[in-house]
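Here is the structure we will look at, set down as C-alpha cells.
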Amino acid sequence: MTRIFNFCAGPATLPLPVLEKARDEMLDYQGLGMSVMEISHRSAAFDALAEKTEACLRRLLQIPDEYAVLFLAGGATTQFAQVPLNLASPDKTGAYIVDGSWSKKAFVIAQRLGLAHLAASSESSGFKSIPTAGDWDVDGNHAYLHYVSNETISGVQFRQPPETGLTLVSDMSSDILSRPVDVNKFGVIYAGAQKNIGQAGITLAVVRKDLLRDLSPVVPDLQSWKIQHKQGSRLNTPPTYAWYIAGLIFDWIEASGGVEQMARLNREKAETLYAYLDRSDFYRNGVPAEFRSHMNIPFQIVDESLHGRFISEAEAAGLSSLKGHRSVGGMRASIYNAMPIEGIRALIEFMQDFESRAG
Ligand SMILES: Cc1ncc(COP(=O)(O)O)c(C=O)c1O
C-alpha cells in the first residue's frame, strides 16, 4: 500500500491510525456483528458513541457545561443561515468581518435574510489581510459579531479572537482543534468536519445555552439549535458514520497530546514552509507575515506560466491536490492536523528539484 501526501483543502487527509481503526471495525462494530453504518441512530450503541464523542471533544477544547454541543448536517454553509436565523432579528442584525471568500459568503447569506451588517471588509486587499479593529463599523446594537478564524482560500488567519463586547460567533471550519481556544469568549463556534474533524457530512456547533431560543414557526425545526439540542442532535437521521469518524479523530488528537501538541506541530510545519518560501526568488506567498495561516498556505511561482506543470509533476510525485482554489489560481498546501511534517519536507524537496529543472 502506498499512501501519498494529500494537500487537499477538504475533504482532507485523515490520520492513518483513524483509517486503520475504521477499517478494523468496518464489518463488526464493538461485537454487534454489523458496521456502525448499519445501527440505528436511536440505539443504545449509538447513544454511547454520541456520549463518548461529545465527552472527548469537551475535554479537548475544555468546553464548559454552559455550552451545548451539537452535531448537525448541512455543512458550515448551512450554519451561514442558521447563525442569523437563531440569533438575529431585523432590528438587531449580525455584524460581519469579511476577510475572505467564506466570510463573504456568510455575510451574503445573512444579508439575503435581512439580518446582516457589514462591519469591515478587506476585499480591496484581495483578502490578503484582516481589517484593523479600530476601523470596524460596529456598535453595541448588533446581535453578534461574526468572523471566520481561518480563511481557507486566501490563507489568512486570526492569531487571537477579536476583542468585542458583542456575542462572538466564529466559523472555525478550517482551524478548529488545530490550537487551544478559550471557548468562554464565544457565543457560538461552528465548523464543518472535512478538515480537522474528519469526514464530510457532519457539522459541529458549540452554542452557549442562553442563546438557544424559540424561532418563528415558519423556520423549519431542523434549523433550530434549541430543538436540535433538545433532541440530542437527532431530530432526524444524522450522518452517523461521519459522527463516528469524528469520535475517532477526537480520540486520536487526545492520544497525540491534545490541541496544544497539534498547535506545536502545526506551527513547526507552517514555519518550515513559509521560511522556505521567503528564502526563494522562484516561489512566493503574498500574505503579510502577521496574517499568515498555519493551515492553508497559498503560493505561486514568479513565472506563473509554470503553475500547470508544477501541479501535474507534483501529483505524479505523490504530492496530491496542490492546485490553488479556482478563484485565486496558483498553488495551495493545506496542512491540517493530519498532515505530518514529513509531508512538508517532501513538498520542499520537490519544490527545490522543480526549481532546479524549470528555473
Ligand atoms: C472556512 C470555511 N467555511 C465554510 C466552508 C463551507 O463548508 P461546507 O462545504 O461544509 O458547507 C468551508 C469549506 O471549505 C470553509 O473552509
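The values are calculated or read from the model by the stated rules, or taken from the named source; none is laboratory data. Remember, predicted model here, so these are calculated numbers, not experimental data. Methodologically, a virtual Cβ is constructed for each residue, glycine included, from the backbone with ideal geometry; neighbour enumeration extends over all protein chains shown.
The single condition among (1) surrounded by fewer than 20 Cβ atoms within 10 Å (Cβ to Cβ); (2) free of Cβ contacts under 8 Å to residues at least 40 places away in the same chain; (3) in a loop (DSSP other than H, G, I, E, B); (4) in contact with a strand residue (DSSP E or B) (Cβ under 7 Å, 6 or more places away or on another chain) that residue 127 does not meet is (1).
Note on segment 138-154: among residues that are in a strand (DSSP E or B) and within 8 Å of the ligand (Cβ to nearest atom), the one that is surrounded by the most Cβ atoms within 10 Å (Cβ to Cβ) is 151.
Would you confirm whether or not segment 160-177 contains a residue that is β-branched (Val, Ile, Thr), surrounded by fewer than 22 Cβ atoms within 10 Å (Cβ to Cβ) and within 15 Å of the ligand (Cβ to nearest atom)? No, the conditions are met nowhere in segment 160-177.
Cβ separations smaller than 7 Å between residues 6+ apart or across chains give the following pairs from segment 166-185 residues that are in contact (Cβ under 8 Å) with a residue 12 or more places away in the chain to residues that are of a type in the set (Lys, Arg) and surrounded by 24 or more Cβ atoms within 10 Å (Cβ to Cβ): 173/195; 174/195.
Taken over segment 94-114, the criterion of being buried (at least 21 other Cβ atoms within 10 Å of the Cβ) and under 18 Å from residue 223 (Cβ atoms) is satisfied by 94, 106, 110.
For segment 52-70, the set of residues classified as under 22 Å from the mean Cα position of the chain (by Cα) and in a loop (DSSP other than H, G, I, E, B) consists of 62, 63, 64, listed by residue number.
With the requirement that a residue be assigned to a helix (DSSP H, G or I) and of a type in the set (A, V, I, L, M), what does segment 33-51 give you?
36, 37, 44, 45, 48, 49, 50
Quick check: anything in segment 26-35 closer than 20 Å to residue 252 by Cβ, more than 16 Å from the ligand (Cβ to nearest atom) and loosely packed, with under 15 Cβ neighbours inside 10 Å? Taking every residue of segment 26-35 in turn, at least one turns out to be closer than 20 Å to residue 252 by Cβ, more than 16 Å from the ligand (Cβ to nearest atom) and loosely packed, with under 15 Cβ neighbours inside 10 Å. Answer with yes or no whether residue 176 is β-branched (Val, Ile, Thr), out of contact with any helix residue (DSSP H, G or I) (no Cβ under 6 Å at 6 or more places or on another chain), in the same structural domain as residue 98 (by TED's automatic domain parsing) and not in a loop (DSSP other than H, G, I, E, B). Spelling it out, it is not the case that residue 176 is β-branched (Val, Ile, Thr), out of contact with any helix residue (DSSP H, G or I) (no Cβ under 6 Å at 6 or more places or on another chain), in the same structural domain as residue 98 (by TED's automatic domain parsing) and not in a loop (DSSP other than H, G, I, E, B). For residues in segment 185-222 being of a type in the set (Val, Ile, Thr) and under 28 Å from residue 336 (Cβ atoms), which is surrounded by the most Cβ atoms within 10 Å (Cβ to Cβ)? Restricting to residues being of a type in the set (Val, Ile, Thr) and under 28 Å from residue 336 (Cβ atoms), the top hit is 197.
Of the residues making up segment 310-319, at least one is in contact (Cβ under 8 Å) with a residue 60 or more places away in the chain and buried (at least 16 other Cβ atoms within 10 Å of the Cβ).
Select the helices (runs of 4 or more DSSP H) contained entirely in segment 223-308, then report the ones holding at least 3 residues which are of a type in the set (Phe, Trp, Tyr) and crowded, with 17+ Cβ neighbours inside 10 Å.
Once the helices (runs of 4 or more DSSP H) in segment 223-308 are filtered for at least 3 residues that are of a type in the set (Phe, Trp, Tyr) and crowded, with 17+ Cβ neighbours inside 10 Å, what remains is 240-255.
Is it the case that segment 22-34 has a residue that's modelled with pLDDT of 95 or more, within 30 Å of residue 150 (Cα to Cα), more than 16 Å from the chain's Cα centre (by Cα) and not polar (S, T, N, Q)? There is at least one residue in segment 22-34 that is modelled with pLDDT of 95 or more, within 30 Å of residue 150 (Cα to Cα), more than 16 Å from the chain's Cα centre (by Cα) and not polar (S, T, N, Q). Go through segment 199-221 and report how many residues are in contact (Cβ under 8 Å) with a residue 40 or more places away in the chain and either out of contact with any Pro (no Cβ under 9 Å at 6 or more places or on another chain) or not in a loop (DSSP other than H, G, I, E, B) (or both). Summing the residues that are in contact (Cβ under 8 Å) with a residue 40 or more places away in the chain and either out of contact with any Pro (no Cβ under 9 Å at 6 or more places or on another chain) or not in a loop (DSSP other than H, G, I, E, B) (or both) in segment 199-221 gives 13.
Any residue at all in segment 242-251 that's among the β-branched types (Val, Ile, Thr) and over 30 Å from residue 50 (Cβ atoms)? Among the residues of segment 242-251, not one is among the β-branched types (Val, Ile, Thr) and over 30 Å from residue 50 (Cβ atoms), which makes the answer no. Looking only at residues in segment 71-84 that are more than 15 Å from the chain's Cα centre (by Cα) and buried (at least 19 other Cβ atoms within 10 Å of the Cβ), which one is farthest from the ligand (Cβ to nearest atom)? The selected residue is 84. Residues of segment 86-111 that are part of a helix (DSSP H, G or I) and within 16 Å of the ligand (Cβ to nearest atom): 101, 102, 103, 104, 105, 106, 107, 108, 109, 110. The set of residues from segment 33-77 being farther than 15 Å from residue 243 by Cβ and among the aliphatic types (A, V, I, L, M) comprises 34, 44, 60, 61, 63, 68, 76.
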